[in-house]
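Before any comments, here is the structure.
What follows is calculated from the coordinates using simple rules that are stated; it is not laboratory data. None of the values given here were measured: they were computed from a predicted structure. In this analysis, Cβ positions are derived from the backbone assuming ideal geometry, glycine residues included, and neighbour counts consider all displayed protein chains.
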């Protein structure tokens, strides 16, 4: 088994119900992938802990990603490097965790506000994220730093 480059994709309507809670982290992966990713038929994201479509779009844009927002989803033009930014989880644990992952791949510092919500679903997340960050061995010409705080 081996890894390959991430490539953009289109999520099919029948896939959305089983992926609804994973879409924030899928959107982050899409921003890192080459090509376009289209996520539609996901209107339910508007009525989760936050409006996850708007919060994902806002945070990805702050990190320099090209994103188009639709009433029922988003389109992400991937392949452009992410830049560190000050982000807000808006009190949504899935947004906080997805963008902490994004911070691992961004140049510069990423600060995420309002992350106490992560303890709701994954109390050890910050510790595990820190371990992953320290295990990464590929050379980098930037400092990777994700700061998760309340």
Q.
Quick check on residue 35: is it in contact with a strand residue (DSSP E or B) (Cβ under 6 Å, 6 or more places away or on another chain), surrounded by fewer than 16 Cβ atoms within 10 Å (Cβ to Cβ) and under 23 Å from residue 104 (Cβ atoms)?
A. yes
Of (1) out of contact with any helix residue (DSSP H, G or I) (no Cβ under 6 Å at 6 or more places or on another chain); (2) under 23 Å from residue 19 (Cα atoms); (3) surrounded by fewer than 16 Cβ atoms within 10 Å (Cβ to Cβ), residue 120 fails just (1)
Within the stretch 1-21, residues being in contact (Cβ under 8 Å) with a residue 40 or more places away in the chain and under 14 Å from the mean Cα position of the chain (by Cα) number 1
Residue hits (the stretch 27-47; within 17 Å of residue 87 (Cβ to Cβ) and either assigned to a loop (DSSP other than H, G, I, E, B) or in contact with a helix residue (DSSP H, G or I) (Cβ under 7 Å, 6 or more places away or on another chain) (or both)) are 27, 28, 31
Of those in the stretch 39-72 that are surrounded by 17 or more Cβ atoms within 10 Å (Cβ to Cβ), closer than 18 Å to residue 19 by Cα and without any contact (Cβ under 8 Å) to a residue 40 or more places away in the chain, the residue nearest to the chain's Cα centre (by Cα) is 57
The residue that is surrounded by the fewest Cβ atoms within 10 Å (Cβ to Cβ), considering only those in the stretch 73-91 that are touching a helix residue (DSSP H, G or I) at 6+ places or on another chain (Cβ under 6 Å) and more than 17 Å from residue 35 (Cα to Cα), is 91
